[in-house]
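Read through the structure below, which is laid out as structure tokens, and then see the notes.
The values are calculated or read from the model by the stated rules, or taken from the named source; none is laboratory data. It should be emphasised that the depicted structure is a prediction, and the values quoted were computed from it without experimental measurement. Please note: Cβ atoms are built from the backbone with ideal geometry, for glycine as well, and neighbour counts cover all protein chains shown.
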Amino acid sequence: MEKTWYPEGVERCGLGKFMGWLGIWAVVGLLGVLSMLWVFYRGIGVTGLDNYFGFGLWITFDLAVIALGAGAFFTGLIRYIIGLDELKNIINLTVIKGFLCYSGAMLILSLDVGQPLRAWFGYWHPNVHSMLTEVIFCITCYLLVLIIEYVPLILEQKQLNKIPFLHNLAHQMHVVMPLFAGIGAFLSTFHQGSLGGMYGVMFARPYAFREGFFIWPWTFFLFVLSAIASGPCLTVLICGFMEKLSGRKLTTYRIKSLMAKIGGTMLLIYTVFKYLDTWAWINGVLPKAGLTFDQMFYGLVYGKWLFFTEIVLCLLVPVVFLLTPLRKKPAFMYSGAFLACVGVVINRYVFTVQALAQPVLPFTKWEIYTPNWAEWLTSFMVIAYGFIVMSLSYRYLPIFPQEVGLNKK
Amino acid sequence: MSGHSKEFPITWGMVIDIDKCTGCGACMASCQTENNIEPQPEASNKLRSTSWMLVYELTNDKAFPDHDIAFLPRPCQQCGNPPCVSVCPVVATDKNEDGGIVSQVYPRCIGCRYCVAACPYHVRYFGWYDPVWPEGMEKTLSPLTSVRPRGVVEKCSFCHHRWNLAKDAARASGKNPDNLDDGAYVTACVQNCPSGALSFGDLKNPKHKVHELIKNPNAFRLLQRLGTNTQVYYISRREWVRKLGDNYLKSE
């Protein structure tokens, strides 16, 4: 009976095995839900955050998943607006990934604000000068776009699609999809940028502050670039992981390689600007504030090793792996994509936590921030939610147009 | 990129003579009482405890006999160009009324803590838990200052309610509420400082003592090279103390 829900012509593992897999993630998710309820009940005093670190793991997590989720809008832009038709074979995966990343981030944000019931104030009392206002606008609107992009995929499920109304609805939604891809690209570009802008405008935090163009600090553009570089890379990693897990080919290597090449190209552009920015930061922003490069680092958790890991190991190395013939070898392509993703996570971490840890007042000292169980469990809850929704989507929805053809015996 | 300072005809400011401060903490205690800061059940974690006025201990890091210390009381610096205001997504904090005091609107704050991140002076405090006054202690609550729910950011307001009271008193006695006498409006910390280290007044009013004090050659402000243009001034005759007011390169 359950088999009649599978997409046409594909094979899936037994129901028992699938339920076991879901069960593991359900346990992780349940622990997260309990922590979430506890946070809502007691307040965020139960976390490891404090008055020195108003931002911590949650904001790092949000920024990282939003950057990594950028594959959705960027792939949509290339597929629908620029017209690279080959990407139709992986676009569905990027849409689901984007939806998961953004909805997960929204969930975490609802925990992170002290007064979640006032979250709508961003619309009611907007401060047009705040980058965060722009982020609130764009993230909420873009989540709606992602839902609009995800719904037709659900409606294409074999049994649902037999209902004429749903079939027609899905068709009509597909017809207007380029419009939503365009809106999504616009919204997503702006909030990726504004997330970077959020840090760049903090002129009294020399670790994060950047000069810029008109009202946008350079971090605005750097965050956009790093997101569209790492987003496609995560899509490649997820696709490869799903293939490994299911034992089935889901897209051709050529498609994954194309995505990796797109990510690598963006990473190269990002690398050039990131190096220029870093140079200007070391020689401009810091001396102007009376600080030196060495004063921006401390101990192990805020050490220089993070800096060099980010801008050498996670920028130059993946650029070489992803933009040279090395990409033809899966080991290089996947490790290149992995490093690019790690790089963006480090970037979001240092801008969120290290920027606050760095003592600006000369008579204060470096403080260490350690996230506690409440922050970890809720973050893992979002990861579990991602695994569960992606597993269900893979099992029942026709995500990969090439799957049937690639797995013919 | 970093905004502009607004000018106000009345600009309330504080001048703190570090050399007179004994570090007794009376300013902190009086601030907590005046402003209904919740009694903190466990205040050993200094990164979690709330103290709108906080006294820092400074040291010159030298060994005896050259060792020296100083105490630096730190209220909200009421920046002329506040890093916290432009970042707030919901205009819960603003600098738009006379007096140049950076306001904090508790019923509007959503608790995102972006202002906490933007402020380099650490003057902003978050309500981590529901505030609880143990039985009997609710009698200490002042009716003049709003209490805050958990989940919002709070900070020093230069005892703004006292300004309203001073203006009312001036009106009642037929005086101009926009030209208060020196001392007619002072904050709780200034009033209770036993060593006279803290002075308060309108920085632009020549009749007020602070107007002269800020011209003292030993006066300085914290982190001025960042462009915050604060309304709190410090005075110290000791050079090492003055040097700790900002970051300097070795060549400077």
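The table that follows gives values for the structure above.
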quantity	calculated
Output for region A:125-134, where each listed residue is more than 8 Å from chain B (Cβ to nearest Cβ) and buried (at least 18 other Cβ atoms within 10 Å of the Cβ)	A:134
Single unsatisfied condition, residue A:203 versus (1) away from chain B (no Cβ under 14 Å); (2) in a loop (DSSP other than H, G, I, E, B); (3) not hydroxyl-bearing (Ser, Thr, Tyr)	(1)
Single match in A:350, A:345 (criterion: surrounded by 17 or more Cβ atoms within 10 Å (Cβ to Cβ) and farther than 30 Å from residue B:57 by Cα)	A:345
Condition met for residue A:379 (under 20 Å from the mean Cα position of the chain (by Cα) and either surrounded by fewer than 20 Cβ atoms within 10 Å (Cβ to Cβ) or within 23 Å of residue A:263 (Cβ to Cβ) (or both))	no
Hits in region A:267-293 (condition: more than 14 Å from every other protein chain (Cβ to nearest Cβ) and without any contact (Cβ under 8 Å) to a residue 60 or more places away in the chain)	A:268, A:269, A:270, A:271, A:272, A:273, A:274, A:275, A:276, A:278, A:279
Filter pass, residue A:158 being part of a helix (DSSP H, G or I) and either out of contact with any strand residue (DSSP E or B) (no Cβ under 7 Å at 6 or more places or on another chain) or surrounded by fewer than 17 Cβ atoms within 10 Å (Cβ to Cβ) (or both)	no
Odd one out for residue A:379, checked against (1) within 30 Å of residue B:56 (Cβ to Cβ); (2) not in a loop (DSSP other than H, G, I, E, B)	(1)
Within region B:121-162, considering residues that are among the small types (Gly, Ala, Ser) and away from chain A (no Cβ under 14 Å), the one nearest to the chain's Cα centre (by Cα)	B:157
Residue within region B:170-178 that is away from every other protein chain (no Cβ under 13 Å), touching a Leu at 6+ places or on another chain (Cβ under 7 Å) and more than 30 Å from residue A:50 (Cα to Cα) present	yes
Selection count where residues are away from every other protein chain (no Cβ under 14 Å), in contact with a Leu (Cβ under 8 Å, 6 or more places away or on another chain) and among the polar types (S, T, N, Q), scope region B:206-252	1
Residue count, region A:273-302 (criterion: touching a Phe, Trp or Tyr at 6+ places or on another chain (Cβ under 6 Å) and loosely packed, with under 15 Cβ neighbours inside 10 Å)	1
Conditions (1) surrounded by fewer than 21 Cβ atoms within 10 Å (Cβ to Cβ); (2) at pLDDT below 95: number failed by residue A:262	(1)
Residue check, residue A:122 within 9 Å of chain B (Cβ to nearest Cβ), in a loop (DSSP other than H, G, I, E, B) and either touching a residue at least 60 places away in the same chain (Cβ under 8 Å) or surrounded by 17 or more Cβ atoms within 10 Å (Cβ to Cβ) (or both)	no
Pairs where the first residue, in region A:364-385, is in contact (Cβ under 8 Å) with a residue 24 or more places away in the chain and the second is assigned to a loop (DSSP other than H, G, I, E, B) and charged (D, E, K, R), C-beta under 8 Å, 6+ apart	A:369/A:50
Positions within region B:144-193 being surrounded by 21 or more Cβ atoms within 10 Å (Cβ to Cβ), assigned to a loop (DSSP other than H, G, I, E, B) and aliphatic (A, V, I, L, M), in sequence order	B:152, B:180, B:186
Enumeration of residues in region B:27-42 that are within 12 Å of chain A (Cβ to nearest Cβ) and closer than 18 Å to residue B:122 by Cβ	B:40
Neighbours by Cβ (under 6 Å, 6+ apart or cross-chain): first from region A:85-103, more than 20 Å from residue A:61 (Cβ to Cβ) and without any contact (Cβ under 8 Å) to a residue 24 or more places away in the chain; second of a type outside the set (A, V, I, L, M, F, W, C) and surrounded by 24 or more Cβ atoms within 10 Å (Cβ to Cβ)	A:91/A:75
Criterion violated by residue A:56 - all others in (1) at the interface with chain B (Cβ under 8 Å from one of its Cβ atoms); (2) in contact with an Asp or Glu (Cβ under 8 Å, 6 or more places away or on another chain); (3) within 24 Å of residue B:82 (Cβ to Cβ); (4) not aliphatic (A, V, I, L, M) satisfied	(1)
Residues that are closer than 29 Å to residue A:37 by Cα, within 14 Å of chain B (Cβ to nearest Cβ) and of a type in the set (S, T, N, Q), drawn from region A:355-396	A:370, A:372
Where residue A:192 falls short, out of the listed (1) assigned to a helix (DSSP H, G or I); (2) without any contact (Cβ under 8 Å) to a residue 40 or more places away in the chain; (3) crowded, with 24+ Cβ neighbours inside 10 Å	(2)
Matching entry among A:169, A:143, A:117, A:153 (being among the aliphatic types (A, V, I, L, M), more than 12 Å from chain B (Cβ to nearest Cβ), in a helix (DSSP H, G or I) and free of Cβ contacts under 8 Å to residues at least 40 places away in the same chain)	A:169
Filtered residues of region B:50-103 (kept if surrounded by 18 or more Cβ atoms within 10 Å (Cβ to Cβ), of a type in the set (Lys, Arg) and more than 12 Å from the chain's Cα centre (by Cα))	B:95
Cross-chain or 6+ apart pairs with Cβ under 7 Å, region A:195-223 first and free of Cβ contacts under 8 Å to residues at least 24 places away in the same chain, then in a loop (DSSP other than H, G, I, E, B) and among the β-branched types (Val, Ile, Thr)	A:217/A:201
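Residues are listed down the side, and each one gets a yes or a no for (1) more than 28 Å from residue A:136 (Cβ to Cβ); (2) in a loop (DSSP other than H, G, I, E, B):
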residue	(1), (2)
B:55	yes, no
B:58	yes, no
B:62	yes, yes
B:65	yes, yes
B:72	yes, no
B:83	no, yes
B:88	no, yes
B:96	no, yes
